[in-house]
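Written below as C-alpha cells is the structure these notes are about.
The values are calculated or read from the model by the stated rules, or taken from the named source; none is laboratory data. None of the values given here were measured: they were computed from a predicted structure. Heads up, the Cβs are rebuilt from the backbone with ideal geometry, glycines too, and the neighbour counts pull from every protein chain shown. Remember, those area values only see protein heavy atoms, side chains included, never the ligands or the DNA or RNA. Shrake-Rupley method; radii C 1.70, N 1.55, O 1.52, S 1.80 Å.
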Amino acid sequence: MKDQFIAAKQRWAEKQKAAGFQSRAVASQDRLPPGQRLTTGFPVLDLGIQPEIAHTAWTLTIDGEVDAPVELDWAAFNALGQVTDVSDFHCVTTWSKYDCRWDGVAFTTLYEQVRPKPTARFVYFTSYDGYSTNVPLEKCLDDDVLIATRFDGAPITREHGGPARVIIPKLYAWKGAKFVKGIHFLAEDRLGFWEERGYSNSADPWKEERYA
Ligand SMILES: Nc1nc2c(c(=O)[nH]1)N[C@H]1C(S)=C(S)[C@@H](COP(=O)(O)O)O[C@H]1N2
Ligand SMILES: [Mo]
C-alpha cells in the first residue's frame with residue numbers, strides 16, 4: 001500500500017508539472033466503456049435532495065482506522081495542496097461524459113495527513129444528503145482520485161455536489177460521493193447506499209460491473 005501511495009503521489013506531481021490541460025486526443029472507440037453512450041450535457045443524478053451547505057458550515061471529517069483523525073473546515077481543506085485532473089465520467093445509467101476537468105485535493109494528500117493504520121483496507125464515504133458509498137482503499141490511491149471543489153474552472157454547483165465531491169474516474173460515478181461530509185477508513189468493507197440496493201460493489205465500467 002505504501003509503495004502504491006508513493007507512486008501515486010509521484011504521478012500527481014508529474015501531471016501537475018505538465019503544461020496546460022487539453023482534452024485528450026483519443027481517436028479510438030476504446031474510450032467508451034461497453035454499453036455506454038456519449039453525452040455532451042451533464043445530467044444530474046441524486047436522491048432528490050440537493051443540500052445547501054454554506055462554506056462556513058462545511059466540514060470534512062476523516063477518521064476510522066487512522067493515527068491522526070481530522071475535521072477540516074473549508075479554509076483548512078482549501079489550504080491543502082491543490083491538483084487538477086481531466087477524466088471521463090461514466091454513470092451506470094449508461095451516459096458518459098468526456099474530459100471533465102476537476103480541481104481539488106488529491107485523495108493521497110488526505111491519506112498522508114491522517115496516517116491510516118495497516119488495518120485500513122476500505123473507505124466509506126458519507127454525504128450531506130444521507131448518501132454513502134464504499135471503495136477499496138487501493139482504488140482510492142490511484143493518481144486520478146480527488147476531492148474536487150471545482151469543475152471546468154468554476155466552483156462545483158449545488159446540483160453537481162458542491163461544495164466538494166469525490167471523483168474516482170476508473171469506477172462508475174455512483175462511487176464518487178457528491179456533497180461529501182466524511183471519509184472513514186475501515187478494516188472491513190461496509191456497503192454504501194446503492195451497494196446495499198443491488199449495485200455492484202466493484203463497479204468497473206470496463207467490465208460492465210453494474211449490478212451485483
Ligand atoms: N451524495 C450523493 N452523491 C452521489 C449521488 C447522490 O445521489 N448523492 N449520485 C451518484 C450517481 S448515481 C452519479 S451518476 C453521480 C452523478 O453526478 P452528477 O449529478 O454531477 O452527474 O453522483 C454520484 N454521487
Ligand atoms: Mo449514476
The chain, accessible area per residue, ligands and nucleic acids excluded (1.4 Å, Å²): 48 Å²
Relative contact order of the chain, pairs being alpha-carbon contacts under 8 Å that are 6 or more residues apart, as %: 24 percent
Label-to-label distance, nm, for residues given as ARG115 and LEU47 (7 Å Cα→Cβ offset): 3.4 nm
Inter-probe distance in nm under a simple model that places probes 7 Å from Cα toward Cβ, at THR39 and GLU188: 3.7 nm
By average C-beta atoms within 10 angstrom, highest first, the peptides 62-68, 112-118: 62-68, 112-118
Ranked packing of 130-140, 192-202, 33-43, 170-180, most packed first, by mean Cβ within 10 Å: 170-180, 130-140, 192-202, 33-43
Ellipsoid semi-axes in whole angstrom, largest first, where each is sqrt(5λ) of the Cα gyration tensor of the chain: 24, 20, 19
Over 22 Å between alpha carbons, listed pairs LYS117/LYS207; LYS15/LYS139; LYS15/LYS207; LYS15/LYS178: LYS117/LYS207; LYS15/LYS207; LYS15/LYS178
Accessible carbon and sulfur surface of the chain relative to its total accessible area, %, 1.4 Å: 52 percent
Inter-label distance, nm, simple model (7 Å from Cα along the C-beta direction), ARG31/THR94: 2.1 nm
Among beta bridges that DSSP assigns inside the chain, antiparallel share in %, nearest 5: 85 percent
